1. When you check HIS235 against the structure, is it under 28 Å from VAL348 (Cβ atoms), surrounded by 15 or more Cβ atoms within 10 Å (Cβ to Cβ), at pLDDT below 95 and within 20 Å of the chain's Cα centre (by Cα), yes or no?
2. Which condition breaks for SER191 when tested against (1) away from the ligand (no atom under 16 Å from the Cβ); (2) within 27 Å of GLU57 (Cβ to Cβ); (3) at pLDDT 95 or above?
3. Within the set of pairs 6+ apart or on separate chains, which have a first residue in region 172-183 that is open to solvent by 30 Å² or more (accessible area, probe 1.4 Å), a second that is away from the ligand (no atom under 11 Å from the Cβ) and among the aromatic types (Phe, Trp, Tyr), and C-beta atoms under 7 Å apart?
4. Within region 225-237, does at least one residue satisfy the condition of being touching a residue at least 24 places away in the same chain (Cβ under 8 Å), in a helix (DSSP H, G or I), within 16 Å of the ligand (Cβ to nearest atom) and over 30 Å from LEU309 (Cα atoms)?
5. Go through VAL52, VAL70, VAL62 for me and flag whichever is in contact with a strand residue (DSSP E or B) (Cβ under 9 Å, 6 or more places away or on another chain) and modelled with pLDDT of 95 or more.
6. Need pairs with beta-carbon distance below 8 Å; first residue part of a helix (DSSP H, G or I) and within region 260-275, second of a type in the set (S, T, N, Q) and open to solvent by 30 Å² or more (accessible area, probe 1.4 Å); sequence gap 6+ or separate chains.
7. Could you tell me whether VAL388 is crowded, with 16+ Cβ neighbours inside 10 Å, modelled with pLDDT under 95 and part of a helix (DSSP H, G or I)?
Amino acid sequence: MNICNKLNETKVIRDPIYSYIQVDYQIIWDLLATFEMQRLRRILQLAGTNYVFPSCEHTRFVHSLGVYEVARKIITTVEDIKNSLNEEEKVQVLCAALLHDVGHGPYSHCFENFHEVSHEEYTKLIILDENSEVNKVLRSYDEKLPSLISSIIDHSHSNPLLYQLISSQIDADRMDYLLRDAYMSGTPYGSFDVNRIMRIMKVKDQNIVFKKSGVSAIENYIMGRYHMYEQVYYHPVSTCAEIIFLSFLRRIKELSIQNYQFNFDISILKPFLKDGRVSVKDYVLLDDVVVNYYLKQAVNEKDEILSDLAKRLVYRKLFDYKVLTNENELIAIKEEIKSKGYNPDYYVASVKLRRNIYKKYGDVNYASINIILDDGSVKEITKVSQIVNAISASKIVKSEDTLVYFPLVKEN
Ligand code: NI
């Protein structure tokens with residue numbers, strides 16, 4: 001089959017952000033039907049955030065569709081990009097957009113802190129594993145397609161334009177998650193003018209640049225990111241839910257080492273309790289549904305720590321937190337928590353929040369956001385925009401950003 005084969009009839013999928021998501025190519029429709037893509041319906045985009053923003057219940061699946069749609073709009077409407085890529089390359093970009101998050105584990109980024117293998121690595125493994133449905137679909141079009149798509153996702157492809165569309169500092173991935181997370185959390189100032197950004201996109205030497213006349217749209221996008229980090233991504237309460245989830249998994253691991261008999265079947269989690277990565281076959285069996293079942297069952301476990309941690313998530317009885325001023329304070333909190341009968345290994349955690357709003361690289365480095373001036377020369381955006389300069393110059397880590405979490409101790 002040819003990668004450029006079109007469906008007999010264009011398919012459209014309703015979406016609150018773009019009204020419609022449009023599918024023209026057979027390969028995209030085939031990829032959507034795979035087990036690994038459908039699995040993303042069972043993984044929330046922002047684990048923990050729904051404890052603070054209850055409507056934030058959207059999945060990795062709908063985000064992946066959104067990234068595909070932004071990429072589709074760019075390759076079909078941005079003149080420079082339309083003219084720089086042939087049809088095969090355009091379809092490859094669409095496949096990479098759809099598959100870019102296929103390796104996420106349950107509770108998204110949260111799970112990576114437990115398993116210590118990145119979702120990027122599993123995305124590559126799933127695409128390259130000959131037994132995955134994604135790999136079989138890709139190979140049914142072209143034997144070389146799995147490695148080609150994987151090279152777009154991990155930036156090793158020879159044409160930077162292909163991967164900059166999916167992953168750079170202003171790309172289809174970031175644009176979709178920002179718009180969608182802002183909409184779903186009910187945080188409208190996280191939004192920005194995506195259509196304007198597409199209108200000012202240009203290509204210079206196989207790299208994406210933006211016209212100076214549209215710098216306001218980029219400022220607006222950077223401000224949107226800033227507000228989303230402040231208000232949503234680093235909300236201390238959603239971070240707290242993530243911490244308890246991590247303690248919960250660590251407790252299961254510890255009990256399993258002690259040959260504890262659980263009142264529920266942990267066989268799907270078993271491969272993850274050893275160090276190192278697991279097989280693709282085992283990896284894709286785990287999702288939010290499985291883990292949520294464990295949480296519900298663990299409420300009635302006889303192990304007090306496991307049962308208590310599960311109850312805290314099931315009933316939303318989260319930890320308290322405060323800004324950590326020095327390491328001695330952390331030691332004192334651990335001592336106090338221990339004296340109240342809690343095991344500090346599971347009940348005290350400190351977290352340093354690191355913002356990633358915009359990072360400037362060297363003067364003309366295409367990892368930065370670059371502006372093309374009327375004379376054709378290129379400048380990194382902080383040289384053109386005082387607003388972006390101010391945000392990127394402000395300290396990425398603020399002193400008040402180290403938080404320590406611990407349970408509220410009941411006074412008897
Ligand atoms: Ni993504």
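The values are calculated or read from the model by the stated rules, or taken from the named source; none is laboratory data. Keep in mind that this is a model prediction, so the values were computed, not measured. Cβ coordinates were reconstructed from backbone atoms using ideal geometry, including for glycine residues, and neighbour counts include every protein chain displayed. Areas reflect the complete protein model, heavy atoms only, side chains present, ligands, DNA and RNA absent. Shrake-Rupley method; radii C 1.70, N 1.55, O 1.52, S 1.80 Å.
1. yes
2. (3)
3. Final answer for the pair search is none.
4. yes
5. After ruling out the rest, the residue left standing is VAL62.
6. Sorted first by the residue in region 260-275, then by its partner, the pairs are PRO271/SER279.
7. So VAL388 fits the description; yes.
Rundown of residues vs (1) surrounded by 13 or more Cβ atoms within 10 Å (Cβ to Cβ); (2) hydroxyl-bearing (Ser, Thr, Tyr), yes/no style:
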{"site": "GLN297", "(1), (2)": "yes, no"}
{"site": "LYS317", "(1), (2)": "no, no"}
{"site": "SER368", "(1), (2)": "yes, yes"}
{"site": "GLY376", "(1), (2)": "no, no"}
